[in-house]
Amino acid sequence: MNRIFSGIQPTGNLHLGNYLGAIRNWVALQADYDCIFCIVDLHAITQPQDPAALRNSTREVAAAYVAAGVDPDRCTIFNQSTVPGHTQLAWLLGCMTPLGWLNRMTQFKEKAGKQRDMAGLGLYSYPVLMAADILLYKATHVPVGEDQKQHLELARDIAGAFNRAYGVDYFPLPEPQILGTATRVMSLRDGTKKMSKSDPSDYSRINMTDDAETVALKIRRAKTDPLPLPDSAEGLADRPEAENLLDIYAALADRSREAVIAEFAGAQFSGFKEKLADLAVAVLGPIGAEMKRLVAAPDHVDAILARGADRANAVAAPHLAEIYETVGMLRPQHG
Ligand code: TYM
């Protein structure tokens, strides 16, 4: 059976982009793959995190997976720091990753900003840890949003470099799965910017735990242009906000972009936004409520994570032993 690995950073509010770009697709894929879904707490600390907030956020991301329909009996759900193989493999892979490959990573450039010399080494080697996440389980498929594409290409390059260096066919080259109509959900305040956890304006995103009133208010205030909605996809050229809202609608309704454009052709934004708000509340409302319920009594979530860590370790440890053997690490046996 093909194996999926994917993950989300516990760094703040989960939003509609995380849901449509990642979690919702995972729910659909779990029937056909052996799935491992991680909460990547080691990636989170590549930027400063408050310890208590990090712990809460880790539970909240786990709760989101379960509330959205990821089945913890069928899938492995765990947080990254509980499986030591991630950092161990990251070291080996880091030793064979040329700096030139990392220098191309646009996310590092964005996150490091102007003060690049002050950025941490972890932020720079972030994509190597991400490659280790995937390769530790010999995952074949990685369902993510569009923004992770470059990191996945690097993971494939690193897998290929390892196989070539040791003359083995050990790591499968992981395939990105960028699925659906909302692979890149944009900010509600600026249709040219990605919806993100780190945007200072909460009005830029719909959080998975926002209540119905807040969702409606954010959609009502979403930036638009003065024209009515177009009657064809070509009419969306240079209208990023219209395009984003229509794509969100299509994704939430599980319909094609064309069908949604046809339904709202010539409509004013005000009426369309009301329908979009109703739809967003209908889809996200029950998930947000279940997330809050799970987080309020965290024992259940903690038990899921503990079981997931055991299962993940059981896959990871023998792989790591094989990898150490391949690389030439001596493993003396006691007694
Ligand atoms: P992260 O935490 O930034 O995002 C988690 C997932 O949500 C997707 N996503 C979006 N999709 C559509 N529109 C958006 N506006 C949007 N924002 C986020 C992301 O593409 C991602 O799928 N590096 C990863 C976490 C990671 C990982 C991995 C993923 C660590 N190791 C191994 C896959 C495999 C990240 O920061 O995702």
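The values are calculated or read from the model by the stated rules, or taken from the named source; none is laboratory data. Quantities reported herein were computed from a predicted structural model and do not represent experimental measurements. Note that we place each Cβ from the backbone using ideal geometry, even for glycine, and neighbour counts take in every protein chain shown. Quick note on the areas: whole protein, heavy atoms, side chains included, nothing else; ligands and nucleic acids left out. Shrake-Rupley method; radii C 1.70, N 1.55, O 1.52, S 1.80 Å.
What the table below lists for this structure:
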item: FRET efficiency, Arg164 to Lys109 (Cβ-Cβ, R0 30 Å, nearest 0.05); result: 0.60
item: Filter on Lys197/Lys292; Lys149/Lys223; Lys114/Lys193; Lys194/Lys218; Lys138/Lys193; Lys109/Lys273 - keep pairs with C-alpha separation over 25 Å; result: Lys149/Lys223; Lys138/Lys193; Lys109/Lys273
item: Top of Asp202, Asp32, Asp310 by mean-square fluctuation, Gaussian network on the chain, Cα under 10 Å; result: Asp32
item: Karplus 3J(HN,Hα) series, Hz, for region 21-33 with 6.51 cos²θ - 1.76 cosθ + 1.60 (x for Gly, Pro); result: x, 10, 3, 4, 5, 4, 4, 6, 7, 5, 6, 10, 9
item: Span-rule helices in the chain, defined as complete DSSP H runs reaching 20 Å or more along the axis (Cα) with Kyte mean at least 1.0; result: 121-136
item: Mean Cα-pair separation over length for the chain, i.e. relative contact order, pairs under 8 Å, 6 or more apart, %; result: 23 percent
item: Gyration tensor verdict on region 202-293 (Cα atoms; rounded if a/c is under 1.5, prolate if a/b is larger than b/c, oblate otherwise); result: prolate
item: C-alpha center-to-center spacing [region 140-159, region 275-335] in angstrom; result: 19 Å
item: Cα→Cβ-extended label distance, 7 Å offset, between Arg255 and Leu173, nm; result: 4.0 nm
item: His15 long-range amide H proximity, modeled H, under 5 Å; result: Met208
item: Length gained when the stretch Asp190-Ser270 is fully extended (0.36 nm per residue, less Cα-Cα span); result: 27.0 nm
item: Accessible carbon and sulfur surface of region 202-293 relative to its total accessible area, %, 1.4 Å; result: 51 percent
item: Estimated [θ] at 222 nm from DSSP helical runs (n ≥ 4, -39500 (n - 2.57)) normalised by residues in the chain, nearest 500; result: -16500 deg cm²/dmol
item: Antiparallel DSSP beta bridges within the chain, as percent of all bridges there, nearest 5; result: 10 percent
item: Förster radius 51 Å - calculated FRET efficiency between Asp238 and Ala297, Cβ distance, rounded to 0.05; result: 0.55
item: Accessible area expressed per residue, the chain, with surrounding protein chains retained (probe 1.4 Å, Å²); result: 46 Å²
item: Isolated Cys residues of the chain, judged by Cβ distance under 4.7 Å to other cysteines; result: Cys38, Cys95
